[in-house]
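Chemist: What follows is a single structure, and I will ask about it in a moment.
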Amino acid sequence: MGLSVSHILMVTGFALVLIGFWGMLTHRNILRIIIGFSLIDTGLHLVMVATGYVTGGTAPIVDEALVLTEVTARSVDPIPAALVVTAIVIGFSVTAVMLAFAIRIHDAKKTLSIDALTESQW
């Protein structure tokens, strides 16, 4: 039968998280670090959506199509989807702030390498 959609989403989400961590830890360019952060953010969104997915499920509306006894087995959980919508907005705003800081750093140092930011060390 193969993998279910939720397993494919989980594997893809965790792969994006690992690629994002690799990108953040191995690159010295601020823009590449921001892209790595965005990949982690997107991967976590996929994982959260996969937790609420039910194969062959339906909307959690109890009516003729979904009787009360089948609600827990056949309905899709709407909470992870609502959390992902909120997380997308928050992630977008955090990415915008990081890009604004990158622009300010480039204006001050004329480079996007984190090696140029040595005066902020402890």
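The values are calculated or read from the model by the stated rules, or taken from the named source; none is laboratory data. Please read these numbers as outputs of a predicted model, since none were measured by experiment. Cβ coordinates were reconstructed from backbone atoms using ideal geometry, including for glycine residues, and neighbour counts include every protein chain displayed. When the accessible area is computed, the model is the full protein with side chains, heavy atoms only, and any ligands, DNA or RNA have been set aside. Shrake-Rupley method; radii C 1.70, N 1.55, O 1.52, S 1.80 Å.
Chemist: Long-range amide H contacts for Ser75: which residues qualify at under 5 Å (H placed 1.01 Å from N, peptide plane, sequence gap of 5 or more or a different chain)?
Modeler: HN-HN under 5 Å from Ser75: Thr58.
Chemist: May I ask for the angle, rounded to the nearest 10°, between helix 78-109 and the longest principal axis of the chain, with both axes built from Cα atoms and the value confined to 0 to 90°?
Modeler: Roughly 10 degrees between the two axes.
Chemist: Normalised by the number of residues in the chain, what is the relative contact order in percent for Cα pairs under 8 Å and 6+ residues apart?
Modeler: Numbers: 128 pairs, mean separation 31.5, N = 122.
About 26 percent, as a whole number.
Chemist: Please report the net charge: other residues with Cβ closer than 14 Å to the Cβ of Gly52, K and R +1, D and E -1.
Modeler: Details: positive: Arg74; negative: Asp77.
My count for the surroundings of Gly52 gives 0.
Chemist: On to the next question. Taking Rh as the Kirkwood radius computed over C-alpha pairs, what is the Stokes-Einstein D of region 10-107 at 4 °C in a medium of viscosity 1.567 mPa s, expressed in µm² per second? Please report the intermediate quantities before stating the final value.
Modeler: Numbers: Rh = 15.5 Å.
Reported coefficient: 84 µm²/s.
Chemist: Here's a follow-up. Measure off 7 Å from each Cα along the Cα-to-Cβ vector at Ile103 and Leu31, then give the distance between these two points in nanometres to one decimal.
Modeler: 1.4
Chemist: Dipole of region 14-122, Cα-centred, from +1 at each Lys and Arg C-beta and -1 at each Asp and Glu C-beta, to the nearest 20 debye? Write down the numbers at each step before the final one.
Modeler: Working: 6 positive and 8 negative charges, 126 e Å.
Its charge dipole is roughly 600 debye.
Chemist: Next question. So with the 1.4 Å probe, I'd like the accessible area per residue for the chain, rounded to whole Å².
Modeler: Working: 8540 Å² over 122 residues.
Here the residues of the chain average 70 Å² of exposed surface.
Chemist: Which percent of the accessible area of the chain is formed by carbon and sulfur heavy atoms (probe 1.4 angstrom)? Can you show the working numbers first?
Modeler: Working: 6170 of 8540 Å².
The nonpolar share, carbon plus sulfur, comes to 72 percent.
Chemist: Next question, about the same structure. Filter the trypsin sites (Lys or Arg not before Pro) in region 59-122 to those in DSSP coil with at most 10 other Cβ atoms within 10 Å of their Cβ, and list the result.
Modeler: Working: sites: Arg74, Arg104, Lys109, Lys110; in loops: Lys110.
Counting only loop positions with at most 10 other Cβ atoms within 10 Å, the trypsin sites (Lys or Arg not before Pro) in region 59-122 are Lys110.
Chemist: Heavy atoms only, probe 1.4 angstrom, no DNA, RNA or ligands counted: give me His106, His45, His7 ranked by accessible area, highest first. Before the final figure, lay out the partial values.
Modeler: Working: His106 80, His45 20, His7 105 Å².
Sorted by accessible area, descending: His7, His106, His45.
Chemist: Top to bottom by accessible area (1.4 Å), largest first, where do Thr55, Thr72, Thr95 land?
Modeler: Working: Thr55 95, Thr72 130, Thr95 25 Å².
Largest to smallest exposure gives the sequence Thr72, Thr55, Thr95.
Chemist: Helix 5-26 versus the longest principal axis of the chain: what angle, 0 to 90°, nearest 10, using Cα atoms?
Modeler: With both axes taken from Cα atoms, the answer is about 10 degrees.
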